[in-house]
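I have placed the structure first, in the form of structure tokens, so that the comments after it can refer back to it.
Just so you know, all these numbers are worked out from the coordinates, no wet-lab data involved. Computed from a predicted model, the values in this text were never measured in an experiment. Note that we place each Cβ from the backbone using ideal geometry, even for glycine, and neighbour counts take in every protein chain shown.
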Amino acid sequence: MTLDFLDDTQVEYEQAVSQTKFGKFHFFLLAVCGLIYLNTAVGITIISFVLPSATCDYRMTSVDKGWLTAAPMLGMVLGSYFWGCLADTKGRKYVLIISLLLDGICGILSSISQVYGLFIFFRFLNGFGITGAMAICFPYLGEFQSTKYREKILCWMEVFWTIGIILLPLIAWLIIPLHIDITLFGIIKFHSWNLFVAICAIPSILIAIWLFFFPESPKFLIEVGDADEALDILKDIYHMNTGRPKSDYPIKSLKEKEREKNNQNLAVPSLRSLNLRKPKHLNILLKEIWEQTKALCKAPHLKNTTLTCAIQFGLTASYYTLMIWFPELFYRFEEYEAKNGDAEASVCIVSSIVLRENEEFCGNPIDNDVYWHTVIIGLSCIPTSLLLPVCIHRVGAKLFIFFSLVLAGAATIGLYFVKNAAENLVLSCIFEALTSLGISTVYCVMVDLFPTNLRVMAAALSLTFGRGGALIGNLLFGFLIDLNCVVPIIIFSALLFISGILCLFLPSTGREALN
């Protein structure tokens with residue numbers, strides 16, 4: 001049976017993308033999006049190894065470290081919605097490239113910053129850039145998939161995040177212990193941790209260059225009225241996946257979205273064609289952004305918008321705060337045990353003792369066990385990363401999120417009761433494996449919850465709330481870790497429990513075509 005009867009019929013996007021088959025293009029796309037997500041894991045958690053290493057150079061107190069960890073989060077708060085609006089109006093690929101280039105360039109500049117305030121500023125810009133890539137890579141990947149493969153492919157992104165969490169301490173372990181003390185131009189002092197920051201910034205630039213060879217999302221192109229260009233891209237994907245000529249692609253016409261008319265009954269120009277230097281076009285763009293924002297805040301999207309924002313706030317606040325501070329806590333345990341042998345003490349006691357003994361800001365170099373413990377945390381995520389795409393259809397995404405967050409909340413409470421570095425490591429592994437699983441699954445769910453014209457903006461809005469939580473969390477942790485560390489433990493565990501319960505109110509996903 002042939003599909004010739006479709007030749008002169010405008011078909012829905014789901015049917016058209018299914019006809020491209022699943023093949024080589026989709027694997028390349030998964031690779032580039034996965035590397036973006038991997039790079040995001042590195043970019044967000046890199047500060048965790050900079051904290052102990054740069055303490056002496058910048059003479060940082062715990063409060064200073066709190067501000068440093070909060071700076072990228074503030075950039076993410078301000079950048080999330082900005083990039084989301086841009087991606088839903090100018091294109092996914094365009095924003096991915098710009099945000100990655102910004103992250104890479106600012107990362108290199110931060111590596112040569114000699115002043116604490118300037119370093120914080122560039123890390124703020126890093127956060128501003130990397131959040132755009134993080135918010136968009138899931139929708140960009142998902143919009144190329146048919147319903148049959150979409151949820152499973154999106155879940156494989158968690159594997160790349162896990163690889164990033166494993167690679168980062170290995171790179172740090174390789175570079176930071178080196179004895180590098182170089183002075184450039186008589187004013188720029190360059191140590192091993194500076195080299196570490198610079199090397200971690202380079203992949204963003206390389207991935208951005210690779211993205212130039214990928215197409216814009218056909219689903220987005222249809223949404224903004226460029227159906228012919230979308231059809232050409234689908235033909236290219238068909239040719240790449242099947243090896244057959246593009247002329248054999250059975251779909252000849254795509255169903256277009258009805259274009260709005262202005263007062264002269266003329267179609268409003270495509271949002272991608274708008275020239276932002278023209279006041280009239282800028283007005284059209286701002287009006288569209290405002291209308292889309294209002295759409296997210298009223299029925300039928302208000303419930304899903306509220307739930308995803310609340311879940312992201314609690315989950316992200318807990319995850320990014322504790323993950324960034326784990327190497328610092330490992331460092332403090334190693335410092336304590338080096339001086340006190342096998343004497344057991346809780347996290348709170350260890351932190352206060354090490355702080356008093358290192359008032360001169362310059363403690364010992366990071367012990368190799370700190371790097372090794374962080375690698376183990378990353379390795380602990382492999383089983384859950386592989387389990388997610390295999391079982392997601394059978395169990396359901398929201399149940400996955402619920403159980404992972406509730407168990408992560410219990411692990412967070414357990415941090416108060418640990419008495420040595422080994423117990424701290426075990427609970428840290430459980431926490432990382434479960435919370436990273438929850439974060440990736442939330443991103444997968446959001447691709448299905450919102451229509452194309454609101455998808456990235458909705459993800460960006462929820463990320464804004466999530467990064468706001470991370471910002472507040474890092475500041476609180478920096479202030480409270482040395483004063484009363486039981487308080488942040490209670491706060492973060494409660495946030496995880498609440499986020500887990502809220503997940504039960506999400507609709508089921510992964511069974512229908514993208515809206």
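Listing for the model above:
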item: Cα-based reach from residue 419 at 21 Å (exclusive), listing lysines while leaving out same-chain residues under 8 positions away; result: 339
item: Compactness of region 126-249 as Cα Rg over 2.2 N^0.38 Å, two decimals; result: 1.50
item: Across 24/148; 90/287; 24/235; 298/398; 148/294; 93/235, pairs whose alpha-carbon gap is larger than 20 Å; result: 298/398; 148/294
item: Inter-label distance for residue 420 and residue 148, nm, one decimal - labels placed 7 Å from Cα along Cα-to-Cβ; result: 5.5 nm
item: Kirkwood hydrodynamic radius of region 85-143, from inverse mean 1/r over distinct Cα pairs, in Å; result: 12.0 Å
item: Computed FRET value (nearest 0.05) for residue 82 with residue 31, which takes r as the C-beta separation and R₀ as 25 Å; result: 0.40
item: Contour minus Cα-Cα distance for residue 118 and residue 479 (0.36 nm per residue); result: 127.8 nm
item: Burial ranking of peptide ranges 73-85, 455-467, 18-30 (average Cβ count within 10 Å, highest at the top); result: 455-467, 73-85, 18-30
item: Fraction of alpha-carbon pairs over 17 Å apart in region 367-448 - percent; result: 49 percent
item: Region 1-96 - Rg over Rh from alpha carbon coordinates, Kirkwood radius; result: 1.25
item: Modelled FRET efficiency - R0 25 Å, residue 297 with residue 403, Cβ distances, 0.05 increments; result: 0.25
